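Following: one structure in structure tokens, then a few remarks.
The values are calculated or read from the model by the stated rules, or taken from the named source; none is laboratory data. Small disclaimer: the values here were computed from a predicted structure and weren't measured. All Cβ positions, glycine included, derive from the backbone under ideal geometry; neighbour counts span all protein chains shown.
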Amino acid sequence: MDLQLGGLRVVVTAGAAGIGRVIVDAFREEGASVFTCDVDETALATLDQAIGRARADVSDRADVAAMMTAAVDHLGGLDVLVNNAGIAGPTGRVEEINPEDWDRCVEICLTGQFNCARLAVPHLRRSSNASIVNLSSAAGKHGFALRSPYAAAKWGVIGFTKSLAIELGGDGIRVNAILPGLVAGDRIRRVLEAKAQEQGVSFADIERTALSYASIKEYITPRQLADQILFLASARNRTISGQAISVDGDTRMLA
């Protein structure tokens, strides 16, 4: 299927490595022009020279303002914002969590999406195929024991997404959220290792338990997420908005 993404102007946050890098590469393969930001300047330096980039922390509004100005200048406008930036946040019982760690998790995973969207919307209004895709999580649907800051932020992303979809629908801007399950990579390994240590069990035991709650008992790949995002950015998706779309192997709970 030709999604007709050639020439699309796309901003992907945290796109220098991990899931974000796969999203950036997928859009580029389809002929889109991409600008990304990241806090990892070493990773940014490894990007293809045709990809616009800026060092930016999405929780820092001055960083985001400079990044968005540079992105629109580089791309000549904006059609798609992918709010990918996020962190795992702390693992622990609620009474053990450092309030500063809570604040940092929410600032990046939720407020960072607001910081980017508020500056992107005026440019998206001028696009004939405008969309925002926000990264939430299965934790934003089911909750996640010992991960309350992350789960709370990701539930907030869904509310933010649905509210924006209603608010911006009249401007022709689609807004959707992706809810990944257990995505293969270093981040989920660190999360499961921390939970295993907290619960006093082996990594193998915690991994087996985590996968047991899904109908399809395997990790999600970053490319599966990228493919879903590509479709949401396509004009073929012009009437799908306000949706929280699970890409999680039919996960029924997180524990």
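Ala70 is checked against (1) over 30 Å from Pro149 (Cβ atoms); (2) part of a loop (DSSP other than H, G, I, E, B) and fails just one. What number does that condition carry?
Ala70 satisfies every listed condition except (2).
Taking segment 204-220 as the search range and keeping residues that are assigned to a helix (DSSP H, G or I) and among the polar types (S, T, N, Q), which one is farthest from Val94 (Cα to Cα)?
Selected residue: Ser212.
Taking Asn134 as the residue in question, decide whether it is surrounded by 22 or more Cβ atoms within 10 Å (Cβ to Cβ), on the phi < 0 side of the Ramachandran plot, in a strand (DSSP E or B) and not β-branched (Val, Ile, Thr).
Yes: the conditions hold for Asn134.
What are the residue pairs meeting all of these: first residue in segment 133-147, first residue of a type in the set (Val, Ile, Thr), second residue crowded, with 21+ Cβ neighbours inside 10 Å, Cβ atoms under 6 Å, and 6 or more apart or on different chains?
Going by the 6 Å Cβ cut-off, the qualifying pairs are Val133/Val82; Val133/Asn176; Val133/Ile229; Val133/Leu232.
Got a sec? Which of Ala45, Ala50, Ala17 is under 23 Å from Tyr219 (Cβ atoms), out of contact with any His (no Cβ under 6 Å at 6 or more places or on another chain) and surrounded by fewer than 22 Cβ atoms within 10 Å (Cβ to Cβ)?
Going through Ala45, Ala50, Ala17 in turn, just one is under 23 Å from Tyr219 (Cβ atoms), out of contact with any His (no Cβ under 6 Å at 6 or more places or on another chain) and surrounded by fewer than 22 Cβ atoms within 10 Å (Cβ to Cβ): Ala17.
Please state which of the following conditions Pro99 fails to meet, knowing it meets all the rest: (1) over 17 Å from the mean Cα position of the chain (by Cα); (2) crowded, with 17+ Cβ neighbours inside 10 Å.
Of everything listed in (1) over 17 Å from the mean Cα position of the chain (by Cα); (2) crowded, with 17+ Cβ neighbours inside 10 Å, Pro99 misses just condition (2).
Checking Gln113 against (1) closer than 29 Å to Gln243 by Cβ; (2) in contact with a Cys (Cβ under 9 Å, 6 or more places away or on another chain); (3) surrounded by 24 or more Cβ atoms within 10 Å (Cβ to Cβ), only one condition comes out false. Which one?
Exception for Gln113: condition (2).
For Lys162, state whether it is surrounded by 21 or more Cβ atoms within 10 Å (Cβ to Cβ), of a type in the set (Lys, Arg) and either touching a strand residue (DSSP E or B) at 6+ places or on another chain (Cβ under 9 Å) or not in a helix (DSSP H, G or I) (or both).
Taking the combined requirement at face value, the residue does not satisfy it.
How about segment 187-206: which of its residues are among the charged types (D, E, K, R) and more than 23 Å from the chain's Cα centre (by Cα)?
Glu198, Asp205
With respect to the numbered conditions (1) touching a residue at least 60 places away in the same chain (Cβ under 8 Å); (2) outside any helix (DSSP H, G or I), which one is the sole condition not fulfilled by Val201?
(1)
Condition (residue is under 16 Å from Val175 (Cα atoms), part of a helix (DSSP H, G or I) and at pLDDT 95 or above) applied to segment 90-111: is it met by at least one residue?
Yes.
Just need a number here: residues in segment 3-15 that are assigned to a loop (DSSP other than H, G, I, E, B) and more than 13 Å from the chain's Cα centre (by Cα).
Within segment 3-15, residues that are assigned to a loop (DSSP other than H, G, I, E, B) and more than 13 Å from the chain's Cα centre (by Cα) number 6.
Return the residues of segment 8-37 that are out of contact with any strand residue (DSSP E or B) (no Cβ under 7 Å at 6 or more places or on another chain) and at positive phi; say none if nothing qualifies.
Gly18, Gly31
May I ask you to list pairs of residues, at least six apart or on different chains, whose Cβ atoms are under 9 Å apart, with the first in segment 50-68 being within 24 Å of Glu29 (Cβ to Cβ) and in contact (Cβ under 8 Å) with a residue 12 or more places away in the chain and the second being among the aromatic types (Phe, Trp, Tyr) and in a strand (DSSP E or B)?
Partner pairs satisfying both residue conditions: Ile51/Phe35; Gly52/Phe35; Arg53/Phe35; Ala54/Phe35; Met67/Phe35.
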